[in-house]
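FYI, it's all coordinate maths here, none of it is from the lab. Remember, predicted model here, so these are calculated numbers, not experimental data. Note that we place each Cβ from the backbone using ideal geometry, even for glycine, and neighbour counts take in every protein chain shown.
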Amino acid sequence: MKLYGIPNCSTVKQARAWLAGHAHDAAFHDFRKQGVEAAWLRKVVAQTGWQALLNTRGTTWRKLSDAEKAAVTDETSAITLMLAQPSVIKRPVLERDDSYHLGFSEESYQALFGE
């Protein structure tokens, strides 16, 4: 099991705390330090859809120019942006049993882990 994100993101912090508090060991992948691979993004997008993975509500998206935002029209352009600006990826991404789960809520993690 692996959790992907940025360590100072409040939602990532909540997910990490929840996992630790419920004795679930998850390796952490820091997008800023360890980067993001195109192959990994394609796997996540294939399961979740690029629209779900692209965080259009965060500050990174809001700081983009209108032209940069308008250029994101399909999977290829979304992945290109996510590779260039990993902070625009919805966080956290939990990889468990070859499936990907976006974001964090206590209820969703409880359901996922059967707690």
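General observations
- Filter result (under 12 Å from the mean Cα position of the chain (by Cα) and aliphatic (A, V, I, L, M)) within segment 84-115: V88, I89, V93, L94, L102
- Selection count, segment 56-76, where residues are outside any helix (DSSP H, G or I) and of a type outside the set (A, V, I, L, M, F, W, C): 6
- Number of the exception - D25 against (1) within 17 Å of the chain's Cα centre (by Cα); (2) assigned to a loop (DSSP other than H, G, I, E, B); (3) loosely packed, with under 14 Cβ neighbours inside 10 Å: (1)
- Selection from segment 28-39 of residues that are in contact (Cβ under 8 Å) with a residue 12 or more places away in the chain and either crowded, with 17+ Cβ neighbours inside 10 Å or outside any loop (DSSP other than H, G, I, E, B) (or both): F28, H29, D30, F31, R32, V36, A38
- Count of residues meeting criterion [without any contact (Cβ under 8 Å) to a residue 12 or more places away in the chain and not in a helix (DSSP H, G or I)] in segment 1-19: 1
- Scan of segment 1-22 for residues that are of a type outside the set (S, T, Y) and surrounded by 15 or more Cβ atoms within 10 Å (Cβ to Cβ), ordered by number: L3, G5, I6, C9, V12, K13, Q14, A15, R16, W18, L19
- Qualifying residue in segment 88-95 (condition: more than 29 Å from A23 (Cβ to Cβ) and either of a type outside the set (D, E) or in a helix (DSSP H, G or I) (or both)): yes
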